[in-house]
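First comes the structure, then the notes that go with it.
The values are calculated or read from the model by the stated rules, or taken from the named source; none is laboratory data. Because the structure is predicted, anything quoted here is derived from the model rather than measured. For neighbour counting, all protein chains shown are included, and Cβ atoms are generated from backbone atoms with ideal geometry for every residue, glycine included.
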(Lines give C-alpha, C1' and ligand atoms only; values in the text may rest on other atoms or scores of the structure.)
Protein backbone atom coordinates (compact mmCIF):
# COMPACT_ATOMS: atom_id res chain seq x y z
CA UNK A 1 0.00 0.00 0.00
CA UNK A 2 2.80 2.37 0.90
CA UNK A 3 4.51 1.56 -2.41
CA UNK A 4 1.30 2.39 -4.25
CA UNK A 5 0.98 5.72 -2.43
CA UNK A 6 4.64 6.49 -3.13
CA UNK A 7 4.21 5.63 -6.80
CA UNK A 8 1.07 7.74 -6.99
CA UNK A 9 2.95 10.64 -5.41
CA UNK A 10 5.77 10.33 -7.95
CA UNK A 11 3.32 10.27 -10.84
CA UNK A 12 1.50 13.32 -9.45
CA UNK A 13 4.80 15.13 -8.87
CA UNK A 14 5.96 14.34 -12.38
CA UNK A 15 2.67 15.58 -13.88
CA UNK A 16 2.90 18.76 -11.80
CA UNK A 17 6.47 19.31 -12.98
CA UNK A 18 5.44 18.82 -16.60
CA UNK A 19 2.54 21.24 -16.15
CA UNK A 20 4.95 23.82 -14.74
CA UNK A 21 7.16 23.36 -17.80
CA UNK A 22 4.21 23.97 -20.12
CA UNK A 23 3.47 27.26 -18.36
CA UNK A 24 7.04 27.96 -17.32
CA UNK A 25 6.45 31.56 -16.32
CA UNK A 26 5.58 34.88 -17.82
CA UNK A 27 7.27 37.73 -19.61
CA UNK A 28 6.24 41.36 -19.95
CA UNK A 29 6.27 43.45 -23.10
CA UNK A 30 6.49 47.17 -22.39
CA UNK A 31 4.89 49.67 -24.76
CA UNK A 32 6.58 53.03 -24.19
CA UNK A 33 4.50 55.58 -26.10
CA UNK A 34 2.53 58.82 -25.93
CA UNK A 35 -1.04 58.02 -24.88
CA UNK A 36 -2.04 61.70 -24.74
CA UNK A 37 -1.27 63.67 -27.92
CA UNK A 38 -0.86 60.57 -30.11
CA UNK A 39 -3.36 58.38 -28.30
CA UNK A 40 -4.85 56.90 -31.50
CA UNK A 41 -1.46 55.75 -32.78
CA UNK A 42 -0.42 54.30 -29.42
CA UNK A 43 -3.68 52.41 -28.97
CA UNK A 44 -3.48 51.02 -32.50
CA UNK A 45 0.06 49.80 -31.85
CA UNK A 46 -1.14 48.10 -28.67
CA UNK A 47 -4.01 46.49 -30.58
CA UNK A 48 -1.64 45.20 -33.27
CA UNK A 49 0.64 43.59 -30.69
CA UNK A 50 -2.31 42.10 -28.84
CA UNK A 51 -3.90 40.80 -32.02
CA UNK A 52 -0.76 38.87 -33.01
CA UNK A 53 -0.29 37.51 -29.48
CA UNK A 54 -3.93 36.42 -29.31
CA UNK A 55 -3.27 34.06 -32.23
CA UNK A 56 -0.92 32.07 -29.98
CA UNK A 57 -3.10 32.51 -26.88
CA UNK A 58 -0.54 34.97 -25.48
CA UNK A 59 1.79 32.01 -24.93
CA UNK A 60 5.15 31.44 -26.64
CA UNK A 61 7.38 28.48 -25.78
CA UNK A 62 5.37 27.90 -22.62
CA UNK A 63 5.65 31.48 -21.37
CA UNK A 64 2.67 33.78 -20.95
CA UNK A 65 3.10 37.28 -22.36
CA UNK A 66 1.50 40.46 -21.03
CA UNK A 67 1.53 43.99 -22.46
CA UNK A 68 2.35 46.82 -20.05
CA UNK A 69 1.63 50.27 -21.47
CA UNK A 70 3.75 53.19 -20.26
CA UNK A 71 2.82 56.77 -21.14
CA UNK A 72 5.84 58.98 -21.79
CA UNK A 73 3.62 61.79 -23.23
CA UNK A 74 6.31 62.63 -25.79
CA UNK A 75 8.80 63.46 -23.03
CA UNK A 76 12.29 61.97 -23.42
CA UNK A 77 13.08 62.08 -19.70
CA UNK A 78 9.83 60.32 -18.83
CA UNK A 79 10.63 57.73 -21.49
CA UNK A 80 14.02 57.11 -19.87
CA UNK A 81 12.30 56.64 -16.52
CA UNK A 82 10.06 54.03 -18.15
CA UNK A 83 13.15 52.29 -19.54
CA UNK A 84 14.77 52.33 -16.09
CA UNK A 85 11.61 50.77 -14.67
CA UNK A 86 11.80 48.16 -17.43
CA UNK A 87 15.34 47.21 -16.37
CA UNK A 88 14.19 46.72 -12.77
CA UNK A 89 11.39 44.35 -13.81
CA UNK A 90 12.69 40.75 -13.70
CA UNK A 91 9.98 39.70 -16.15
CA UNK A 92 10.51 42.50 -18.69
CA UNK A 93 11.72 41.01 -21.96
CA UNK A 94 11.46 43.78 -24.54
CA UNK A 95 10.05 47.21 -25.34
CA UNK A 96 7.84 48.41 -28.18
CA UNK A 97 8.14 52.12 -28.94
CA UNK A 98 5.50 54.55 -30.18
CA UNK A 99 5.08 57.33 -32.73
CA UNK A 100 7.64 59.85 -31.47
CA UNK A 101 11.25 59.70 -32.62
CA UNK A 102 12.79 62.20 -30.13
CA UNK A 103 12.47 59.98 -27.01
CA UNK A 104 14.23 57.11 -28.78
CA UNK A 105 16.94 59.35 -30.20
CA UNK A 106 17.55 60.96 -26.81
CA UNK A 107 17.82 57.56 -25.11
CA UNK A 108 19.48 55.61 -27.91
CA UNK A 109 22.83 55.21 -26.10
CA UNK A 110 21.05 54.19 -22.89
CA UNK A 111 19.03 51.58 -24.80
CA UNK A 112 22.05 50.09 -26.55
CA UNK A 113 24.39 50.28 -23.55
CA UNK A 114 21.86 48.44 -21.40
CA UNK A 115 21.00 45.95 -24.15
CA UNK A 116 17.30 46.80 -24.08
CA UNK A 117 15.63 44.98 -26.96
CA UNK A 118 13.48 47.68 -28.57
CA UNK A 119 11.06 47.02 -31.42
CA UNK A 120 9.90 50.13 -33.27
CA UNK A 121 6.64 49.96 -35.26
CA UNK A 122 6.36 53.69 -36.02
CA UNK A 123 9.04 56.29 -35.15
CA UNK A 124 10.70 57.16 -38.45
CA UNK A 125 13.87 59.21 -37.77
CA UNK A 126 16.70 57.64 -39.75
CA UNK A 127 19.35 57.55 -36.95
CA UNK A 128 17.16 55.41 -34.67
CA UNK A 129 18.40 52.12 -36.12
CA UNK A 130 21.89 53.36 -36.95
CA UNK A 131 24.69 53.92 -34.47
CA UNK A 132 28.45 54.13 -34.10
CA UNK A 133 28.21 52.12 -30.89
CA UNK A 134 29.32 48.50 -30.79
CA UNK A 135 25.79 47.46 -29.73
CA UNK A 136 22.59 48.06 -31.69
CA UNK A 137 19.44 46.74 -30.03
CA UNK A 138 16.80 48.70 -31.95
CA UNK A 139 14.81 47.08 -34.78
CA UNK A 140 12.30 48.92 -36.96
CA UNK A 141 9.33 47.81 -39.04
CA UNK A 142 8.05 51.15 -40.25
CA UNK A 143 8.87 54.01 -42.55
CA UNK A 144 12.54 55.02 -42.45
CA UNK A 145 13.30 58.69 -43.00
CA UNK A 146 16.50 57.90 -44.87
CA UNK A 147 14.06 56.95 -47.64
CA UNK A 148 10.75 58.69 -46.78
CA UNK A 149 11.86 62.15 -47.84
CA UNK A 150 12.69 60.79 -51.29
CA UNK A 151 9.25 59.18 -51.66
CA UNK A 152 7.37 62.34 -50.65
CA UNK A 153 9.56 64.49 -52.90
CA UNK A 154 9.41 62.18 -55.92
CA UNK A 155 5.63 61.93 -55.61
CA UNK A 156 5.25 65.72 -55.56
CA UNK A 157 7.62 66.21 -58.49
CA UNK A 158 5.69 63.63 -60.54
CA UNK A 159 2.54 65.64 -59.82
CA UNK A 160 4.21 68.68 -61.40
CA UNK A 161 5.23 70.69 -58.34
CA UNK A 162 8.53 72.53 -58.79
CA UNK A 163 8.62 75.13 -56.00
CA UNK A 164 8.31 73.23 -52.69
CA UNK A 165 8.61 74.90 -49.30
CA UNK A 166 9.72 72.76 -46.35
CA UNK A 167 7.75 73.29 -43.12
CA UNK A 168 9.35 71.05 -40.50
CA UNK A 169 9.18 70.49 -36.77
CA UNK A 170 12.42 71.50 -35.03
CA UNK A 171 13.45 68.03 -33.83
CA UNK A 172 15.81 65.27 -34.91
CA UNK A 173 12.92 63.89 -36.95
CA UNK A 174 12.44 67.18 -38.79
CA UNK A 175 16.17 67.58 -39.41
CA UNK A 176 16.39 64.03 -40.75
CA UNK A 177 13.72 64.84 -43.35
CA UNK A 178 15.23 68.21 -44.25
CA UNK A 179 18.37 66.40 -45.31
CA UNK A 180 16.71 63.72 -47.46
CA UNK A 181 14.15 66.08 -49.01
CA UNK A 182 16.85 68.57 -49.99
CA UNK A 183 18.98 65.83 -51.56
CA UNK A 184 15.96 64.42 -53.42
CA UNK A 185 15.12 67.87 -54.78
CA UNK A 186 18.71 68.39 -55.91
CA UNK A 187 18.56 65.13 -57.87
CA UNK A 188 15.45 66.51 -59.61
CA UNK A 189 17.27 69.78 -60.35
CA UNK A 190 15.19 71.69 -57.80
CA UNK A 191 15.81 73.65 -54.62
CA UNK A 192 13.37 74.49 -51.83
CA UNK A 193 11.82 77.94 -51.90
CA UNK A 194 12.63 77.99 -48.22
CA UNK A 195 12.75 76.03 -44.98
CA UNK A 196 10.86 77.04 -41.83
CA UNK A 197 11.09 75.28 -38.49
CA UNK A 198 8.37 75.18 -35.83
CA UNK A 199 8.19 73.86 -32.28
CA UNK A 200 5.59 71.63 -30.66
CA UNK A 201 2.59 73.65 -29.50
CA UNK A 202 2.23 75.66 -32.71
CA UNK A 203 -0.61 78.19 -32.40
CA UNK A 204 -3.18 78.99 -35.08
CA UNK A 205 -2.22 82.64 -35.44
CA UNK A 206 1.42 81.71 -35.89
CA UNK A 207 0.40 79.02 -38.38
CA UNK A 208 -1.64 81.54 -40.40
CA UNK A 209 1.33 83.90 -40.62
CA UNK A 210 3.62 81.06 -41.69
CA UNK A 211 1.20 79.93 -44.41
CA UNK A 212 0.81 83.44 -45.82
CA UNK A 213 4.57 83.92 -45.87
CA UNK A 214 5.07 80.57 -47.59
CA UNK A 215 2.48 81.39 -50.27
CA UNK A 216 4.07 84.82 -50.79
CA UNK A 217 7.47 83.15 -51.31
CA UNK A 218 6.27 81.73 -54.63
CA UNK A 219 6.01 78.14 -53.38
CA UNK A 220 3.52 75.85 -55.13
CA UNK A 221 3.46 73.06 -52.49
CA UNK A 222 4.31 72.58 -48.82
CA UNK A 223 6.33 69.60 -47.60
CA UNK A 224 5.15 69.16 -44.00
CA UNK A 225 6.87 67.12 -41.31
CA UNK A 226 4.97 67.19 -38.03
CA UNK A 227 2.46 65.31 -35.93
CA UNK A 228 -1.32 65.53 -35.63
CA UNK A 229 -1.18 68.16 -32.86
CA UNK A 230 0.52 70.69 -35.13
CA UNK A 231 -0.88 69.30 -38.38
CA UNK A 232 -4.49 69.97 -37.36
CA UNK A 233 -3.61 73.55 -36.36
CA UNK A 234 -1.92 74.09 -39.70
CA UNK A 235 -4.84 72.61 -41.65
CA UNK A 236 -7.36 74.58 -39.60
CA UNK A 237 -5.48 77.81 -40.25
CA UNK A 238 -5.17 77.03 -43.96
CA UNK A 239 -8.88 76.29 -44.30
CA UNK A 240 -9.66 79.80 -43.04
CA UNK A 241 -7.32 81.55 -45.47
CA UNK A 242 -8.34 82.95 -48.87
CA UNK A 243 -8.03 80.42 -51.68
CA UNK A 244 -4.79 81.89 -53.07
CA UNK A 245 -3.00 81.01 -49.82
CA UNK A 246 -4.25 77.42 -49.63
CA UNK A 247 -1.31 75.50 -51.07
CA UNK A 248 -1.28 71.70 -51.48
CA UNK A 249 0.40 69.82 -48.63
CA UNK A 250 2.52 66.71 -49.08
CA UNK A 251 3.11 65.41 -45.60
CA UNK A 252 4.87 62.87 -43.52
CA UNK A 253 2.52 60.46 -41.81
CA UNK A 254 2.74 61.99 -38.33
CA UNK A 255 -0.60 63.72 -38.91
CA UNK A 256 -2.32 60.31 -38.96
CA UNK A 257 -1.37 59.42 -35.39
CA UNK A 258 -3.75 61.58 -33.37
CA UNK A 259 -7.12 63.32 -33.64
CA UNK A 260 -6.47 65.05 -36.98
CA UNK A 261 -9.61 63.71 -38.66
CA UNK A 262 -11.83 64.55 -35.68
CA UNK A 263 -10.83 68.21 -35.95
CA UNK A 264 -10.21 68.46 -39.69
CA UNK A 265 -13.49 66.93 -40.81
CA UNK A 266 -14.36 65.72 -44.32
CA UNK A 267 -16.23 68.97 -44.88
CA UNK A 268 -13.12 71.02 -44.09
CA UNK A 269 -10.89 68.71 -46.14
CA UNK A 270 -12.99 69.36 -49.26
CA UNK A 271 -11.16 72.67 -49.61
CA UNK A 272 -7.71 71.28 -48.82
CA UNK A 273 -5.26 69.16 -50.81
CA UNK A 274 -3.43 66.93 -48.32
CA UNK A 275 -1.59 63.70 -49.11
CA UNK A 276 0.83 61.81 -46.86
CA UNK A 277 3.23 58.90 -46.93
CA UNK A 278 2.07 55.44 -45.88
CA UNK A 279 3.17 51.83 -46.12
CA UNK A 280 1.64 49.73 -48.85
CA UNK A 281 -1.04 47.69 -47.07
CA UNK A 282 -4.60 48.54 -46.12
CA UNK A 283 -7.45 46.41 -44.85
CA UNK A 284 -9.63 48.44 -47.24
CA UNK A 285 -8.03 46.69 -50.20
CA UNK A 286 -10.88 44.77 -51.86
CA UNK A 287 -8.39 42.08 -52.94
CA UNK A 288 -7.29 40.90 -49.48
CA UNK A 289 -5.83 37.40 -49.45
CA UNK A 290 -7.24 34.75 -47.06
CA UNK A 291 -4.55 35.41 -44.44
CA UNK A 292 -5.20 39.15 -44.41
CA UNK A 293 -8.95 38.60 -44.20
CA UNK A 294 -8.49 36.23 -41.26
CA UNK A 295 -6.39 38.79 -39.36
CA UNK A 296 -9.09 41.42 -39.85
CA UNK A 297 -11.84 38.99 -38.84
CA UNK A 298 -9.94 37.95 -35.70
CA UNK A 299 -9.28 41.58 -34.75
CA UNK A 300 -12.96 42.50 -35.08
CA UNK A 301 -13.86 39.45 -32.98
CA UNK A 302 -11.17 40.13 -30.36
CA UNK A 303 -11.72 43.86 -29.74
CA UNK A 304 -15.23 44.90 -28.60
CA UNK A 305 -14.63 48.41 -29.96
CA UNK A 306 -14.19 47.05 -33.51
CA UNK A 307 -17.38 46.54 -35.50
CA UNK A 308 -15.81 47.02 -38.90
CA UNK A 309 -12.51 47.89 -40.56
CA UNK A 310 -13.34 51.58 -40.14
CA UNK A 311 -13.04 51.24 -36.35
CA UNK A 312 -9.29 50.62 -36.51
CA UNK A 313 -8.22 54.17 -35.68
CA UNK A 314 -4.76 54.10 -37.25
CA UNK A 315 -4.28 51.15 -39.56
CA UNK A 316 -0.56 51.71 -40.07
CA UNK A 317 0.11 51.49 -36.33
CA UNK A 318 -1.91 48.30 -36.05
CA UNK A 319 -0.39 46.73 -39.16
CA UNK A 320 3.23 47.50 -38.31
CA UNK A 321 2.85 46.34 -34.71
CA UNK A 322 1.10 43.16 -35.85
CA UNK A 323 3.81 42.28 -38.37
CA UNK A 324 6.60 43.15 -35.94
CA UNK A 325 5.04 40.93 -33.27
CA UNK A 326 4.84 38.09 -35.80
CA UNK A 327 8.60 38.52 -36.37
CA UNK A 328 9.13 38.52 -32.60
CA UNK A 329 7.14 35.29 -32.18
CA UNK A 330 9.15 33.65 -34.97
CA UNK A 331 12.40 34.76 -33.35
CA UNK A 332 11.38 33.38 -29.95
CA UNK A 333 10.29 30.08 -31.47
CA UNK A 334 13.70 29.90 -33.16
CA UNK A 335 15.76 30.91 -30.11
CA UNK A 336 13.73 29.32 -27.34
CA UNK A 337 13.33 30.75 -23.85
CA UNK A 338 15.30 29.84 -20.72
CA UNK A 339 13.73 32.10 -18.10
CA UNK A 340 16.98 34.04 -17.79
CA UNK A 341 15.87 37.41 -19.11
CA UNK A 342 19.38 38.61 -20.02
CA UNK A 343 20.15 35.45 -21.97
CA UNK A 344 16.72 35.44 -23.60
CA UNK A 345 17.02 39.04 -24.80
CA UNK A 346 20.37 38.24 -26.41
CA UNK A 347 19.06 35.05 -27.99
CA UNK A 348 16.00 36.81 -29.44
CA UNK A 349 18.17 39.60 -30.84
CA UNK A 350 20.45 37.06 -32.48
CA UNK A 351 17.43 35.21 -33.90
CA UNK A 352 15.90 38.40 -35.30
CA UNK A 353 19.17 39.04 -37.12
CA UNK A 354 19.09 35.56 -38.64
CA UNK A 355 15.50 34.34 -39.02
CA UNK A 356 15.62 30.96 -40.69
CA UNK A 357 12.02 30.71 -41.91
CA UNK A 358 9.81 33.11 -43.89
CA UNK A 359 7.27 34.99 -41.77
CA UNK A 360 3.91 35.82 -43.35
CA UNK A 361 2.78 39.33 -42.46
CA UNK A 362 0.15 41.79 -43.62
CA UNK A 363 2.49 43.99 -45.65
CA UNK A 364 4.49 41.12 -47.12
CA UNK A 365 6.16 37.80 -46.41
CA UNK A 366 9.41 38.58 -44.61
CA UNK A 367 12.51 36.72 -45.76
CA UNK A 368 15.39 37.42 -43.37
CA UNK A 369 14.17 40.99 -42.71
CA UNK A 370 17.07 41.78 -40.39
CA UNK A 371 20.77 41.02 -40.27
CA UNK A 372 23.70 41.82 -37.99
CA UNK A 373 24.29 45.56 -37.91
CA UNK A 374 27.53 47.26 -38.86
CA UNK A 375 28.24 50.80 -40.01
CA UNK A 376 28.66 49.37 -43.51
CA UNK A 377 25.16 47.81 -43.41
CA UNK A 378 22.95 50.75 -42.34
CA UNK A 379 19.68 49.02 -43.29
CA UNK A 380 20.41 45.85 -41.29
CA UNK A 381 17.71 46.62 -38.71
CA UNK A 382 15.11 47.85 -41.21
CA UNK A 383 12.38 45.36 -42.13
CA UNK A 384 10.84 47.59 -44.85
CA UNK A 385 12.25 49.39 -47.86
CA UNK A 386 11.17 52.03 -50.36
CA UNK A 387 9.21 49.47 -52.36
CA UNK A 388 6.93 49.06 -49.32
CA UNK A 389 5.99 52.77 -49.25
CA UNK A 390 3.25 54.68 -51.02
CA UNK A 391 1.15 57.84 -50.55
CA UNK A 392 -2.42 58.20 -49.31
CA UNK A 393 -5.16 60.61 -48.33
CA UNK A 394 -8.21 60.73 -46.06
CA UNK A 395 -11.56 59.60 -47.45
CA UNK A 396 -15.06 60.71 -46.50
CA UNK A 397 -15.22 58.21 -43.61
CA UNK A 398 -11.86 59.40 -42.24
CA UNK A 399 -10.29 56.27 -43.64
CA UNK A 400 -6.83 56.30 -45.24
CA UNK A 401 -7.05 55.56 -48.96
CA UNK A 402 -3.79 54.48 -50.58
CA UNK A 403 -2.93 55.95 -53.97
CA UNK A 404 -1.20 52.81 -55.25
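List the pairs whose first member sits in the range 364-381 and is assigned by TED's automatic domain parsing to the domain that holds residue 321 and under 17 Å from residue 112 (Cβ atoms), whose second member is at pLDDT below 95 and part of a loop (DSSP other than H, G, I, E, B), and whose Cβ atoms are under 7 Å apart, counting only residues at least 6 apart or on separate chains?
Here the result reads 375/132, each pair linking the range 364-381 to a residue that is at pLDDT below 95 and part of a loop (DSSP other than H, G, I, E, B).
Looking only at the range 62-100, count how many residues are buried (at least 17 other Cβ atoms within 10 Å of the Cβ) and either touching a residue at least 40 places away in the same chain (Cβ under 8 Å) or over 20 Å from the mean Cα position of the chain (by Cα) (or both).
Total satisfying the criteria: 18.
Where residues in the range 112-129 are out of contact with any strand residue (DSSP E or B) (no Cβ under 8 Å at 6 or more places or on another chain) and not in a loop (DSSP other than H, G, I, E, B), which of them is farthest from residue 48 (Cα to Cα)?
Top of the filtered list is 113.
Is it the case that residue 288 is in the same structural domain as residue 91 (by TED's automatic domain parsing) and in contact with a helix residue (DSSP H, G or I) (Cβ under 9 Å, 6 or more places away or on another chain)? If you could, list the steps in order and put the result at the bottom.
Details: in the same structural domain as residue 91 (by TED's automatic domain parsing): no; in contact with a helix residue (DSSP H, G or I) (Cβ under 9 Å, 6 or more places away or on another chain): yes.
Spelling it out, it is not the case that residue 288 is in the same structural domain as residue 91 (by TED's automatic domain parsing) and in contact with a helix residue (DSSP H, G or I) (Cβ under 9 Å, 6 or more places away or on another chain).
Residue 398 passes all but one of (1) over 20 Å from residue 285 (Cβ atoms); (2) outside the structural domain of residue 135 (by TED's automatic domain parsing); which number fails?
Evaluating residue 398 over (1) over 20 Å from residue 285 (Cβ atoms); (2) outside the structural domain of residue 135 (by TED's automatic domain parsing) leaves (1) as the failure.
Would you check which residues across the range 169-210 are touching a residue at least 40 places away in the same chain (Cβ under 8 Å), part of a loop (DSSP other than H, G, I, E, B) and either more than 20 Å from the chain's Cα centre (by Cα) or surrounded by fewer than 19 Cβ atoms within 10 Å (Cβ to Cβ) (or both) and list them?
200
Any idea which residue in the range 130-148 is surrounded by the most Cβ atoms within 10 Å (Cβ to Cβ), counting only those that are in contact with a strand residue (DSSP E or B) (Cβ under 8 Å, 6 or more places away or on another chain) and assigned to a helix (DSSP H, G or I)?
Ranking the candidates gives 148 first.
Each row is one residue, and each column tells you yes or no for (1) surrounded by 13 or more Cβ atoms within 10 Å (Cβ to Cβ); (2) touching a helix residue (DSSP H, G or I) at 6+ places or on another chain (Cβ under 8 Å); (3) in a loop (DSSP other than H, G, I, E, B).
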{"residue": "355", "(1), (2), (3)": "yes, yes, yes"}
{"residue": "363", "(1), (2), (3)": "yes, yes, yes"}
{"residue": "369", "(1), (2), (3)": "yes, yes, yes"}
{"residue": "374", "(1), (2), (3)": "no, no, yes"}
{"residue": "384", "(1), (2), (3)": "yes, no, yes"}
{"residue": "392", "(1), (2), (3)": "yes, no, no"}
{"residue": "397", "(1), (2), (3)": "no, yes, yes"}
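So which residues in the range 136-161 are modelled with pLDDT of 95 or more and more than 20 Å from residue 403 (Cβ to Cβ)?
136, 137, 138, 139, 140, 141
Given 235, 219, 156, 228, which one is surrounded by 21 or more Cβ atoms within 10 Å (Cβ to Cβ), touching a residue at least 60 places away in the same chain (Cβ under 8 Å) and in contact with a strand residue (DSSP E or B) (Cβ under 8 Å, 6 or more places away or on another chain)?
Working: 235 fails: touching a residue at least 60 places away in the same chain (Cβ under 8 Å); 219 fails: touching a residue at least 60 places away in the same chain (Cβ under 8 Å); 228 fails: in contact with a strand residue (DSSP E or B) (Cβ under 8 Å, 6 or more places away or on another chain).
Exactly one residue qualifies, and that residue is 156.
So is residue 284 assigned to a loop (DSSP other than H, G, I, E, B), touching a strand residue (DSSP E or B) at 6+ places or on another chain (Cβ under 9 Å) and either touching a residue at least 60 places away in the same chain (Cβ under 8 Å) or within 14 Å of residue 391 (Cβ to Cβ) (or both) or not? Steps first, answer last, please.
Working: assigned to a loop (DSSP other than H, G, I, E, B): yes; touching a strand residue (DSSP E or B) at 6+ places or on another chain (Cβ under 9 Å): yes; either touching a residue at least 60 places away in the same chain (Cβ under 8 Å) or within 14 Å of residue 391 (Cβ to Cβ) (or both): yes.
It is true that residue 284 is assigned to a loop (DSSP other than H, G, I, E, B), touching a strand residue (DSSP E or B) at 6+ places or on another chain (Cβ under 9 Å) and either touching a residue at least 60 places away in the same chain (Cβ under 8 Å) or within 14 Å of residue 391 (Cβ to Cβ) (or both).
Only one of these conditions is not met by residue 342: (1) over 20 Å from the mean Cα position of the chain (by Cα); (2) outside any helix (DSSP H, G or I). Which number is it?
Tallying (1) over 20 Å from the mean Cα position of the chain (by Cα); (2) outside any helix (DSSP H, G or I), residue 342 fails exactly one: (2).
For (1) part of a loop (DSSP other than H, G, I, E, B); (2) surrounded by fewer than 24 Cβ atoms within 10 Å (Cβ to Cβ); (3) modelled with pLDDT under 95, each residue gets a yes or a no:
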site: 300; (1), (2), (3): no, yes, no
site: 307; (1), (2), (3): yes, yes, yes
site: 321; (1), (2), (3): no, no, no
site: 334; (1), (2), (3): no, yes, no
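Of these, 70, 109, which one is assigned to a strand (DSSP E or B) and either outside the structural domain of residue 320 (by TED's automatic domain parsing) or at pLDDT 95 or above (or both)? Spell out how you get there, then give the answer.
On the way: 109 fails: assigned to a strand (DSSP E or B).
Residue meeting the stated conditions: 70.
Only one of these conditions is not met by residue 267: (1) under 20 Å from residue 163 (Cβ atoms); (2) at pLDDT 95 or above; (3) exposed (fewer than 15 other Cβ atoms within 10 Å of the Cβ). Which number is it?
(1)
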